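FYI, it's all coordinate maths here, none of it is from the lab. All values reported here derive from a predicted model rather than from experimental measurement. Virtual Cβ from ideal backbone geometry, glycine too; neighbours counted across all protein chains shown.
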Amino acid sequence: MARCGAIRKRRAPRKDRIEIDGQPVARSSTIYLALNKPRGVVTTAADEKGRETVYSLLPENLPWLAPVGRLDKASEGLLLLTNDSEWAAPRHRAGNTFR
């Protein structure tokens, strides 16, 4: 029976080495994209109601990009997307203050 060592939840991108069958896996390029989201488009990968999503506005050759925040269907404006998960959803966020 094979044994596995401890598995960390997060990797250190600059320090850790990832291999498949002993061969290193190249780190992908980090992408930051600014999109002017039009009104009527939803910020989700798949919509159960069949509405158009922001992903339908992107070129097909891009890797997976996550939205940084959300804009609702009725909103239009700047939406940032990235494949940098730490930047898109940092572990340590400042609290929100609403008045």
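In this entry, residue 81 is excluded by the filter for residues that are crowded, with 16+ Cβ neighbours inside 10 Å and assigned to a loop (DSSP other than H, G, I, E, B). Only one of the numbered conditions (1) touching a residue at least 40 places away in the same chain (Cβ under 8 Å); (2) in a strand (DSSP E or B) is violated by residue 67, and that is (1). The set of residues from segment 21-72 being within 19 Å of the chain's Cα centre (by Cα) and basic (Lys, Arg) comprises 27, 37, 70. The set of residues from segment 55-64 being in contact with a strand residue (DSSP E or B) (Cβ under 7 Å, 6 or more places away or on another chain) and in a loop (DSSP other than H, G, I, E, B) is empty. Residue pairs, Cβ under 7 Å, 6 or more apart or interchain, first in segment 38-54 and part of a strand (DSSP E or B), second of a type in the set (S, T, N, Q). List them. Pairs that qualify, where the first residue is part of a strand (DSSP E or B) and the partner is of a type in the set (S, T, N, Q), are 42/53; 53/44.
On the given criteria, is residue 71 surrounded by 16 or more Cβ atoms within 10 Å (Cβ to Cβ) and out of contact with any Ser or Thr (no Cβ under 7 Å at 6 or more places or on another chain)? Don't jump to the end; show me each part of the working.
Working: surrounded by 16 or more Cβ atoms within 10 Å (Cβ to Cβ): yes; out of contact with any Ser or Thr (no Cβ under 7 Å at 6 or more places or on another chain): no.
No, not satisfied.
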